[in-house]
Amino acid sequence: MANVEQAPPKKGPSVVIQLAMLLVLTAAAIGMGWVSGGYLKQGGAPMPVPAAPENSGTAEKPAESGKPAAGPTVVQLAPITTNLASPAEVWIRLEASVLYDAPQPPEMTEQIHQDLLAFVRTLKMHQIEGASGYQHLKADLDERAALRSGGHVKQVLIRTMLLE
């Protein structure tokens with residue numbers, strides 16, 4: 001028979017050393033998290049943006065000097081309630097406001113409202129599904145309103161969008 005020599009089993013690090021290394025790595029991870037959190041909190045605070053005053057389609061009040069107030073104006077549009085192009089049994093209710101760069105006549109707001117209504121009627125359900133669909137819808141509404149107003153609309157603010 002052959003002589004088989006058995007090698008003594010190799011011992012790994014002791015349990016005490018393993019626990020000590022675990023505690024050191026845990027402390028290092030906590031320390032790095034605390035430092036990076038403090039760094040991000042210190043440098044990541046955005047500056048607050050003042051909100052534009054809301055105007056529900058009424059005429060601007062004249063300023064102290066008798067001139068109409070200039071500056072950004074928010075005008076609320078009448079709610080848009082219609083069915084989608086496909087599937088036709090799905091209804092949408094869209095409440096939106098328009099941010100003008102300066103006060104505009106109410107006729108322009110009505111034209112924008114009618115244009116957005118006509119656009120919403122052409123939508124299909126798959127076009128507005130998900131976050132990217134919402135972003136595309138908002139970009140399309142912004143573009144149509146800007147074209148209809150000759151560039152006076154800076155943004156269409158979607159207040160409510162309900163699909164049934």
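The values are calculated or read from the model by the stated rules, or taken from the named source; none is laboratory data. The shown structure was predicted, so the numbers you read here are calculated from the model rather than taken from an experiment. Using ideal geometry, Cβ is built from the backbone for each residue, glycine included, and neighbour counts are taken over all protein chains shown. Areas reflect the complete protein model, heavy atoms only, side chains present, ligands, DNA and RNA absent. Shrake-Rupley method; radii C 1.70, N 1.55, O 1.52, S 1.80 Å.
Examine the range 5-26 for a residue that is at pLDDT below 95 and within 30 Å of A145 (Cα to Cα), and state whether such a residue exists.
No; the residues of the range 5-26 include none that is at pLDDT below 95 and within 30 Å of A145 (Cα to Cα).
If A69 passes every condition in (1) modelled with pLDDT of 55 or more; (2) hydrophobic (A, V, I, L, M, F, W, C); (3) more than 25 Å from L162 (Cα to Cα); (4) exposed (fewer than 10 other Cβ atoms within 10 Å of the Cβ) but one, which one does it miss?
(4)
Starting from the range 137-152, keep only residues that are part of a helix (DSSP H, G or I), then list their pairs with residues that are surrounded by fewer than 17 Cβ atoms within 10 Å (Cβ to Cβ) and acidic (D, E) whose Cβ atoms are within a distance under 7 Å, requiring at least 6 positions of separation or different chains.
That search, which allows pairs on different chains as well, returns R144/D115; R148/D115.
Scan the range 93-116 residue by residue and report those that are open to solvent by less than 10 Å² (accessible area, probe 1.4 Å) and either in a helix (DSSP H, G or I) or over 20 Å from R148 (Cβ atoms) (or both).
Within the range 93-116, I112, L116 qualify.
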